[in-house]
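Novice: Structure below; questions to follow.
The values are calculated or read from the model by the stated rules, or taken from the named source; none is laboratory data. Computed from a predicted model, the values in this text were never measured in an experiment. A quick note on method: Cβ atoms are made from the backbone with ideal geometry, for glycine too, and the neighbour counts reach across all protein chains shown. Areas reflect the complete protein model, heavy atoms only, side chains present, ligands, DNA and RNA absent. Shrake-Rupley method; radii C 1.70, N 1.55, O 1.52, S 1.80 Å.
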Amino acid sequence: MPGPFDYATGVGRFADVGKFESLNGVDVGAGLRERLAGRCERLCFLNDADAFAVGEHRSGAAAGHDRVVCLTLGTGVGSSFLSDGHPVHSGPLVPPGGHAYRLTVHGRPLEETVSRRGIRATYARLATVTGDQHLPDVRDMAVRARKGDTAAQEAFRYAFDALGQALAPWIDRFEATAVVIGGSMARSWDLIHPALTAGSASAGRPDVPVLPARQPEEAPLLGAAHWARGAPDAS
């Protein structure tokens, strides 16, 4: 379940975040138990980026790393700071709540630059797309970038260079030995990886490998299943 969400109680906290407003204050756990009508022995909730990270740590690109940062890149920036296979959500070594989307870059919230809407906005500005023209989605933009569209290339470079800059101090503070990338945007690895590593290097972290997920589709399911088996807060 994406955040902000109260994972211990199963209640949505989606006020003023531009998504899932109808679930704000809703006891999702109670609703599921009612609809499952006794067919569920236990319920536990897990952040979707944490599920991805746990799955990749169990049998993916994060395996063998005691401390790793995992990102899911799609409509926004999902993140998980994993220590010995367990998500870290508090303390001085991680961003507030362990969420990269709470970071700022270039004086603005990170997701205003690194997100579907942010990349499209950058492209619109660079390509001087007006309101009555069709604005391509990120997938189409990637195709254009590979064909030499300089505005599309720069939109990707700007976004993921910024992500590298924003993330680098936290990679250093967390002492991560790898960064693992998943999510729908990771399919444009050839456009994301060079910019992300360049941004990270410019901010002082040139030596930490940035790796594509090995099980981008299966990892969230594997992570959720592992968590459900051993989660102490399941009820």
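Novice: Let's test the formula: R0 of 41 Å, r as the Cβ-Cβ distance of HIS86 and ASP137. What FRET efficiency results, to the nearest 0.05?
Specialist: According to the calculation, E is roughly 0.70.
Novice: So, one more: What does the extension gain come out to for CYS40 and THR9, with contour length at 0.36 nm per residue minus their alpha carbon separation?
Specialist: Stretched out fully, the CYS40 to THR9 stretch lengthens by 9.5 nm.
Novice: Could you check what % of the DSSP bridge pairs in the chain are antiparallel, to the nearest 5? Could the numbers behind the result be given before it?
Specialist: Details: 14 of 22 bridges.
Antiparallel: roughly 65 percent of the beta bridges in the chain.
Novice: Moving to a separate point now. How big is the dipole moment of the chain about its Cα centre under a simple scheme where the beta carbon of each Lys and Arg is +1, that of each Asp and Glu is -1, and everything else is neutral? Debye, nearest 20, please. Before the final figure, lay out the partial values.
Specialist: Numbers: 24 positive and 26 negative charges, 64 e Å.
Using only the charged Cβ atoms, the result is roughly 300 debye.
Novice: Among [x] 51, 36, 35; [y] 54, 34, 30; [z] 56, 44, 30, which one is Cα extents along the principal axes in Å computed from these coordinates?
Specialist: Here Cα extents along the principal axes in Å agrees with entry [z].
Novice: Sum up the charges of everything whose Cβ sits under 15 Å from the Cβ of LEU103, counting Lys and Arg as +1 and Asp and Glu as -1, but leave LEU103 out.
Specialist: 0
Novice: Here's another thing I want to ask about it. Not counting ligands, DNA or RNA, and with a 1.4 Å probe, what is HIS226's accessible surface area in Å² rounded to the nearest 10?
Specialist: 70
Novice: Report THR104's accessible area, 1.4 Å probe, all protein chains in place, as a number in Å² to the nearest 10.
Specialist: Surface accessible to solvent at THR104 totals approximately 100 Å².
Novice: Note the angle between two axes, namely the Cα long axis of helix 150-174 and the longest principal axis of the Cα atoms of the chain, as a number of degrees from 0 to 90, rounded to the nearest 10.
Specialist: 50
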